[in-house]
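Engineer: The structure that follows is given in the form of structure tokens.
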Amino acid sequence: MLSAIIALAVLAVIFGLALGYAAVRFKVEGDPLVEKIDALLPQTQCGQCTFPGCRPYAEAIAKGDADINQCPPGGETTIIALADLLGRDPKPLNPENGEEKPKRVAVIDEQVCIGCTLCIQACPVDAILGAAKHMHTVIAQECTGCDLCVPPCPVDCIDMVNIKPTVSTWGWDYPTPLPENLARLANQTNETSPPPKRNSSEPEATGVAETTKVASGGKQ
């Protein structure tokens, strides 16, 4: 009996060493550029970029098969960060992929939910708990606000609610864009947008400056 246990232990050690060596010897290195791009994406897995998730979108950008302005959840901040990383000029969000929205979370009306599980099947991050013919609920901390659970619901019991920042959750948008890219993006947006209309009730800047100068007796 003891000899059998020792034999099994020796075999386990041998197989463990063999597997460890194989893992190191035949390790497949990933593309570091894809990893960096994927780290900048919001990880909502919403598919608005026309790819099934953030990782496939990152791979397509690295290969040159996708542009950097196809991610509505990431919005302007992500576009500029990708431009910084790849050495490209930033550009406005492609309207064909959607529009940038504030961060949101799904909320299920538990009184109306019929327990069909269709939202559970649609959720790409497993943020919905429930079972067939039982009430469902959303794990708010896991929800990415992708909206994919809303269309399948047959009783329209899911609402997307804006997340209000609190003292403990508020922070600067990540990643921080470079100032020169912010300026270039602003110039591109101004070239494609009509100039804003000035309210007739608002005084012109020159008028305000002259009034201030007169009131102060012309002193600087």
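Every number in this text was worked out from the coordinates using simple rules, so none of it is lab data. Here the structure is a predicted model, which means the values were calculated and not measured. Virtual Cβ from ideal backbone geometry, glycine too; neighbours counted across all protein chains shown.
Engineer: Taking the highest mean first, how do the peptides 70-78, 44-52, 113-121 order by number of other beta carbon atoms within 10 angstrom per residue? Could the numbers behind the result be given before it?
Structural biologist: On the way: 70-78: 21.7, 44-52: 19.0, 113-121: 16.3.
Ranking the peptides 70-78, 44-52, 113-121 by packing returns 70-78, 44-52, 113-121.
Engineer: Rank-order 14-21, 145-152, 31-38 by packing density, defined as the average count of other C-beta atoms within 10 Å over each peptide's residues, highest first. Display every interim value, and only then the final one.
Structural biologist: Details: 14-21: 10.0, 145-152: 18.2, 31-38: 15.4.
Order by mean packing, descending: 145-152, 31-38, 14-21.
Engineer: Using amide H atoms built in the peptide plane, which far-off residues or other-chain residues are under 5 Å from Ile128 H to H?
Structural biologist: Ile139
Engineer: Give me, ordered by chain and number, the residues 5 or more places off Arg88 or on other chains with an amide H under 5 Å from its own placed amide H.
Structural biologist: It is none; the list stays empty.
Engineer: Oh, and also: So if we plug the beta-carbon distance of Arg25 and Arg55 into 1/(1 + (r/R0)^6) with R0 = 41 Å, what FRET efficiency do we get, rounded to 0.05? Working shown, then result.
Structural biologist: Working: r = 26 Å, r/R0 = 0.63.
With a Förster radius of 41 Å, E is 0.95.
Engineer: Something else about it: For the pair Leu33/Thr166, report the inter-label distance in nm, with labels modelled 7 Å from Cα in the Cβ direction.
Structural biologist: Going from the Leu33 label point to the Thr166 one covers 4.3 nm.
Engineer: Let me ask you something else. Give, in nm to one decimal, the length gained when the segment between Asp156 and Asp89 is fully stretched (0.36 nm per residue of separation minus the Cα-Cα distance). Mind dumping the intermediate values first?
Structural biologist: Numbers: separation 67, 0.36 × 67 = 24.12 nm, distance 4.16 nm.
Additional length available on full extension: 20.0 nm.
Engineer: Amide H of Arg104 versus every other amide H placed in the peptide plane: which residues, excluding those fewer than 5 positions away on the same chain, fall under 5 Å?
Structural biologist: Ile163
Engineer: Any idea what Rg and Dmax come out to for the range 103-164 if you just take the C-alpha atoms, in Å?
Structural biologist: Cα only, the range 103-164: 10.3, 32 Å (Rg, Dmax).
Engineer: Tell me the Rg and the Dmax, in Å, that the Cα atoms of the range 1-135 produce.
Structural biologist: Rg and Dmax of the range 1-135, Cα atoms, are 23.1, 72 Å.
Engineer: Kindly write out, for the range 105-110 in residue order, the coupling ³J(HN,Hα) from the Karplus curve 6.51 cos²θ - 1.76 cosθ + 1.60 (θ = phi - 60°), rounded to whole Hz, with x marking Gly and Pro.
Structural biologist: Coupling constants for the range 105-110: 9, 7, 10, 9, 6, 5 Hz.
Engineer: While we're here: Once Rh for the range 32-97 is found with the Kirkwood sum over Cα pairs, what is the Stokes-Einstein diffusion coefficient at 20 °C and 1.002 mPa s, in µm²/s? Intermediate results must be reported in sequence, preceding the final value.
Structural biologist: Values: Rh = 11.4 Å.
The diffusion coefficient I find is 189 µm²/s.
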